[in-house]
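The structure appears below as structure tokens.
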Amino acid sequence: SLTVTGTASVGSLSSSGSVQGASLNVTGAATVTGVLTGRTNVVNQSTSLNPVVAQTTYAVGANSITLTLPGSPTTGDRIGFRPASSSINSYTVARNGNTIMGLSSDLTVDTAAPFDLLYNGTGWVLS
């Protein structure tokens, strides 16, 4: 985990592998020059949102909110959900017409564990 207070600039970044389980928290302005792949956006979300945006990780900052999945996702779309603190353990991910893990019901999150959803062409699955 890297925390930056102020301004952070990344001019060039290359890697022969992948970085998993890492996070970047910026307070202030961040400028990235180059190409980032995967989940390129991290959004602090404390209010309900319809719809959430693919290729984005949401730092869920409040209980009792609803985050609605895109209604027309594309195969390979991925959305991450990360609780902003251990007390964030009760929110809803609305399916918006698509299945989640093969079920035609919204996902009630009742744990502070992080997870990703991937659209596989027929529905959203845990990834």
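Observations on the structure shown:
- Selection of the stretch 99-127 for residues being assigned to a loop (DSSP other than H, G, I, E, B) and surrounded by 17 or more Cβ atoms within 10 Å (Cβ to Cβ) yields only Gly123.
- Candidate set from the stretch 53-67 (those that are part of a strand (DSSP E or B) and of a type in the set (A, V, I, L, M, F, W, C)); member that is farthest from Ile88 (Cα to Cα): Leu67
- Matching entry among Tyr58, Tyr91 (being at pLDDT 60 or above, open to solvent by less than 70 Å² (accessible area, probe 1.4 Å) and in contact with a Ser or Thr (Cβ under 7 Å, 6 or more places away or on another chain)): Tyr91
- Filtering the stretch 77-88 to residues that are under 14 Å from the mean Cα position of the chain (by Cα) and open to solvent by 20 Å² or more (accessible area, probe 1.4 Å) leaves Asp77, Arg78, Arg82, Pro83, Ala84.
- Test for Thr74: is it of a type in the set (Ser, Thr, Tyr), exposed (fewer than 14 other Cβ atoms within 10 Å of the Cβ) and at pLDDT 95 or above: yes
The values are calculated or read from the model by the stated rules, or taken from the named source; none is laboratory data. Not measured: the values here are computed from a predicted model. Heads up, the Cβs are rebuilt from the backbone with ideal geometry, glycines too, and the neighbour counts pull from every protein chain shown. The accessibility values were calculated without ligands, DNA or RNA, using every heavy atom of the protein model including side chains. Shrake-Rupley method; radii C 1.70, N 1.55, O 1.52, S 1.80 Å.
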